[in-house]
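Asks: Quick one: the structure is below, and I'll ask about it shortly.
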Amino acid sequence: MSDVLLSVKDLRSWFFTDQGVAKAVDGVSCEVGEGETLCLVGESGCGKTVTSLSVLGLLPDPPARIMNGSSISFRGEELVGAPEPSLRALRGNEISMIFQEPMTSLNPVYTVGEQIGEALRLHRGLDRKAARVESAQLLREVGIPDPEARLDEYPHRMSGGMRQRVMIAMALSCEPRLLIADEPTTALDVTIQAQILELLADLRERRGMAVLLITHDLGVVAEVCDRVLIMYAGQVVETGSVHEIFADPRHPYTKGLLESLPSLAQPGRRLKAIPGTVPDSIDWPIGCRFEQRCPLRAPGCERPQGLHEPGGAERAVRADRAVRCWRSMAEPSRTDQ
Amino acid sequence: MTELAGGRARGGSASRLSLVLPGLPQLLAGRWGVGGVALSVWIGFAWVLVARHDVVRRSLSGAWDERLAVGSLVAGLLAAWYWSWRDTNTKMECAGARAGVGQWELAVRAFSKNKTAVAGLILVVGLYLLALITPLITPDDPTAQDLPLRLQAMSAAHRLGTDQLGRDVLSRVLYGARISLTIGFVAVGISVTIGTLLGAVAGYLGGMVDSLIMRFVDMVISFPRLILLIVIVAAFDPSIFLIITVLGLTLWPGTARIVRGEVLSLKRREFIQAAEALGYSRSRIVLRHLIPNALGPVIVAATLGIGNTIVLEAGLSFLGVGVQAPTPSWGSMLSDGRDVLLDAWWLSTFPGLAIVFTVLSFNLVGDGLRDALDPRVRS
C-alpha cells in the first residue's frame, strides 16, 4: 500500500438526543492510501454517512459530537478538534464530497455554470471569464456533451445522471486528493449507474486521487474498489481486499450480504435475505451486535467481539484484513496460502 | 433563406416602429400586456410633457422634488423607448434559442397568467409612476390656501373640491399618494432587509444565536406597536423620516420568522450540505445560497406589508401623530374631513378611496405572487 492519505482511528461519533445517546459510529478505524479506492459497505443506518461527514467535520453539532479519543488525520494533520477555518480550507480543496441525491444537491436558483464557477473562483482565485472556460472544461471532462451551452442551464432542466456529473465536476474543480462519494449511484438508473462508476474510476486513474466510496451495493464494490470495509451497527465487522471479501467472506453478516445478491454462477438459486433489522443505535447489544440476526448464533456470541485477523491472535496483526467474529479466529485464512 | 430574410425585415420594421411609438410593435405582435403598459406610459408621459410644458419648464429651476419629477418624466420616456427598441431587436434571435429558464422566469410566467394579479401590478406601477411625477400633474399647490373658496364642491377648477382652508383636494390626494407610497416602500425595505438577515442567521446557525435572536423577535412583537409609535413620535419631532425609521424598525419580526422557517427546512437540503462540503464560508452560504432560495415568501410578505404599512401610516396620521400638517397625508385628510362629513363628503371620501385602492392593489399583487412563487400551488 502506498502512503496513507487519510487515517481514521477509533472514531466515535455520538448523537445526544432526547431519547438517549445514539452511538451512530462507535469505534471505526480505517486508512485510505494515496490513489486508493476504499469502499464503505453496509445497510442503511449502520453509520456509513456519519463516518464520512465526520471526516469533513460536517456533523451537525449539536446534537452530534465526535468523542474524545477519536482521531482523524489527513496527510498527518489532525482534523478532530481542528478550528473551523482550517477545516474549511480543506473542504472542497483537498477533500471533496458528492452526495446521494443529485436531484436536490444543486442549488435551484443558479445556473450550472454559476455553481461550478463559484467553487473555482473561491478556491482557485480565477476571474469570471477564466472560471467559465474552466467550468466548460470540467463539464467536458465528466462527459457532458456541448458543455458551453449547458453552462447556462438551470439544474431542473437536467436529468439525474447529468446532475450527478455536474456534482462530480464541482467536486473535482479544485483537484482534491480525496473524493468522498456517498452512495453516488443509488438514486440513478442502472444504466446511468454504470456510466457514473466508470467515470469515477476513470477520473481516479487520470487524477491520481483517492476515493472513499460509500455504498450498500456489493455490485458497485466489485466493480471499482481496491479494499472494502464492511460496517454493521456503527462498527467495522470485516475488512479486506475486494478479492478477499468476495472469495473468502468470514463474518456471517458479509456472507449474508453476498448471498442476498443474484449470481450468474448459480442461476435459479433463491436469494437469501438477512432477517430482521439493525438494532437501535441508542441501545446496542453488549455482545455481538449481529447476534439477533445471525444464522450461526451460538454460545460465545454474547461476549463483546474484537477485531482480529482471521485464524490469528486477538489483536489485528494486519490492519487490512480483520474480522469481528470469534468463530473466524479458529478457521485459518484461505486466501493467505 | 427567404424566411430568414423575412424575419430580419420584420425585425427591422418593428424596431423602426418602436422608435415612433414604443409598445406598438409588441401590441401588434399580440403581447398586449407589456405593449399596452409601455405604450400608455409613453403616451401619458409625453402628454404631460406637452400639455404641461410650462410647469415642466418652471420645475426645472424649482425645488429638488420638482427637479426629481422632471428627471423621472424624461427617464420614463427614454426607458420606454429603449426597452421597446431593445425588445424588438433581441426577441428575434432569442426566440429559437434554448435559453436557460430559471425559477424566476417560471414564476413570472405563472404570475402573468393571473389576470387579477396583473391588474393589481399595473395599478401599483401606475401609482408609483404618478407619485414620481406628481408635482408636474397636480392642478394646484397642495398647501396653497384660498380661504374664500372653502369647502367648494367639485367643479372644473377643483375637480375633487376644496377643503376647509380652500386647498385643492385632488392635488392633496396626489401628493398624499407620494407620501404613503414612499413611507410604505422605504419602511418595508428596511424591515425586510433586517428581518431577512436576522431570520436567515438565526435559522442557519441555530443554538444560542437562534434563541437570542428569536427571543428578541418575541420581545419586539409583544410590544404594543401603536403605543410605541405614539410614544416615540411624541417624544421626538415627528417627521416623515422618523415615521419611516420607526415603522421599519418595528415591522421586521414577521419577516424574520418567515425566513427562519424557510431556512430551517432549506439547510437540511443537500445543496446546502454540498456548499458546506465545498468549504464555503458561513456568510457566503447564508447570503448566496440560503437567502435567494428563501426569497419567495419574503417577496410576498413584503408586498402585502407595503399595503399594511400604508394603512398603519394612515392610522397614525388620522390620530395626529403621523405626517404633520401642512404636508398632505391620506390619514390626516380623512381625519380633517370627519367633522364636515355630511356637508362636504368629498373631503374624506377621496383619500379613503385612495387608501382602499392602493392597499387592494398591493394585496392583489401579493396574492398573485404567493401563487406564482409557491411551487406547491403552481404544480
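Asks: Give, in whole angstrom and from largest to smallest, the semi-axes √(5λ) of the equivalent ellipsoid of chain A, with λ running over the eigenvalues of the Cα gyration tensor.
Replies: On the way: eigenvalues 261, 103, 69 Å².
Largest first, chain A gives 36, 23, 19 Å.
Asks: Okay, next question. Can you list the residues, at least 5 places off or on another chain, whose amide H is less than 5 Å from the amide H of A:G27, using H built in the peptide plane?
Replies: A:L11, A:R12, A:S13
Asks: Continuing with this model, one more query. I'd like the orientation of helix A:160-172 relative to chain A: the angle between its Cα long axis and the longest Cα principal axis, in ° from 0 to 90, rounded to 10.
Replies: With rounding to tens, the tilt is 90 degrees.
Asks: Hey, what do the phi angles of segment A:265-273 turn into as Karplus ³J(HN,Hα) couplings, whole Hz, using 6.51/-1.76/1.60 and θ = phi - 60°, x for Gly and Pro?
Replies: These are the phi-based 3J(HN,Hα) values: 5, 10, x, x, 6, 6, 6, 9, 9 Hz.
Asks: Still on this structure, I have one more. Compute and list, largest first, the equivalent-ellipsoid semi-axes of the protein assembly as shown from the alpha carbon gyration tensor, each √(5λ) rounded to a whole angstrom. Mind dumping the intermediate values first?
Replies: On the way: eigenvalues 910, 197, 77 Å².
Semi-axes, largest first: 67, 31, 20 Å.
Asks: Shifting gears a bit: Sequence neighbours fewer than 8 away in the same chain don't count; with that in mind, list the lysines whose C-alpha is under 23 Å from B:K113.
Replies: Within the straight-line limit of under 23 Å, B:K113 reaches these lysines: B:K91.
Asks: Calculate the length of the line joining the C-alpha centroid of segment A:284-312 to that of segment A:237-282, in whole Å.
Replies: A separation of 16 Å, based on Cα centres.
Asks: Then there is this: Once you have the Cα-Cα distance between B:K115 and B:R16, take 0.36 nm times their residue separation minus that, and quote the gain in nm to one decimal.
Replies: Numbers: separation 99, 0.36 × 99 = 35.64 nm, distance 3.07 nm.
Length gained between B:K115 and B:R16: 32.6 nm.
Asks: For a footprinting-style exposure proxy, rank B:K115, A:K255, A:K272, B:K267 by other Cβ within 10 Å, fewest first. Display every interim value, and only then the final one.
Replies: On the way: B:K115 10, A:K255 17, A:K272 14, B:K267 21.
With the fewest neighbours first, B:K115, A:K255, A:K272, B:K267 line up as B:K115, A:K272, A:K255, B:K267.
Asks: Counting only pairs 8 or more places apart or on different chains, how many lysine pairs in chain A have C-alpha atoms closer than 29 Å?
Replies: Going through chain A pair by pair, I get 9.
Asks: Follow-up question, since we're still on this one. Quick one: order A:D18, A:D10, A:D226 by neighbouring beta-carbon count within 10 Å, fewest to most. Intermediate results must be reported in sequence, preceding the final value.
Replies: Values: A:D18 5, A:D10 12, A:D226 19.
In order of increasing Cβ crowding within 10 Å: A:D18, A:D10, A:D226.
Asks: Pop a pseudo-label 7 angstrom from the Cα along the beta-carbon direction at both B:D237 and B:V34 and give the gap in nm to one decimal.
Replies: 4.8
Asks: Okay, moving on. Amide H neighbours of B:Q164 under 5 Å, counting only residues 5+ apart in sequence or on other chains, H built in-plane at 1.01 Å?
Replies: The answer is B:L151.
Asks: Related question: Antiparallel versus total DSSP beta bridges in the protein assembly as shown: what percent is that, nearest 5? Write down the numbers at each step before the final one.
Replies: Working: 29 of 48 bridges.
Rounded to the nearest five, the antiparallel share is 60 percent.
Asks: While we're looking at this one, here's another question. In what order do A:E141, A:E118 fall by count of nearby beta-carbon atoms within 10 Å, going from fewest to most?
Replies: Numbers: A:E141 18, A:E118 22.
Fewest-to-most ranking of A:E141, A:E118: A:E141, A:E118.
Asks: Expressed as a whole percent, how much of the Cα-Cα distance distribution for segment B:325-379 exceeds 20 Å?
Replies: Numbers: 683 of 1485 pairs.
Value for segment B:325-379 (Cα pairs over 20 Å): 46 percent.
Asks: Out of the chymotrypsin sites (Phe, Trp or Tyr not before Pro) in segment B:298-349, which ones are loop residues according to DSSP with at most 15 other C-beta atoms within 10 Å? Display every interim value, and only then the final one.
Replies: On the way: sites: B:F318, B:W330, B:W345, B:W346; in loops: B:W345.
Filter output for segment B:298-349: B:W345.
We did not get these values from a lab; they are worked out from the coordinates using the rules stated. These figures come from a predicted structure and were not determined experimentally. Positions of Cβ are generated from backbone atoms using ideal geometry, with glycine treated the same way; all protein chains shown enter the neighbour counts.
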